[in-house]
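Reading through the structure tokens given below for one structure.
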Amino acid sequence: MFVLFHEEVTYDYIYKEVVFRFKLLIVAVCCRLATERDAAERDSREKETKILNQSRELEELQNRLADAERVNQQQQTELSELMSSKDDVGKNVSLCGFNFSVSKYCV
């Protein structure tokens, strides 16, 4: 009878130890998965922030480009108007260079 009781206690002890180790393993795996999940979420937030910053920078650069193109177009229009205008003598004045069609010696 003592032998049966001892075997039952031993079996119960081994069973509890196996269950305990299994629970420890589950906890360890859960902790590892939670750490990986947190790292993935952090990485995702960093990438999203980077994308938002780059999108904002792209929008600013596009606005600056549009403004520069608008100013360039205005200046081209003004230059074309000046090129087509005539001076008092009736001669065309060239603005694109150092040579003017009106002589500096004319009085």
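Read-outs throughout are calculated quantities, based only on the coordinates presented, and are distinct from any laboratory measurement. Predicted model, so just to flag it, every value in this text is computed and none were measured. With ideal geometry, Cβ positions are generated from the backbone for all residues, glycine too; neighbour counts draw on all protein chains shown.
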Open item on the list: What is the sum of charges, Lys and Arg at +1 and Asp and Glu at -1, for the other residues whose Cβ falls under 13 Å from the Cβ of residue 31?
Closed with: +1
Task: Difference of contour (0.36 nm per residue) and Cα-Cα distance, residue 18 to residue 85 - done: 14.2 nm
- [ ] Would you tally the net charge around residue 53, using a Cβ to Cβ cut-off of less than 12 Å, leaving residue 53 out, and scoring K and R as +1, D and E as -1?
- [x] -2
Task: Two-site label geometry, residue 29 and residue 54: point separation in nm, points 7 Å out along Cα→Cβ - done: 3.7
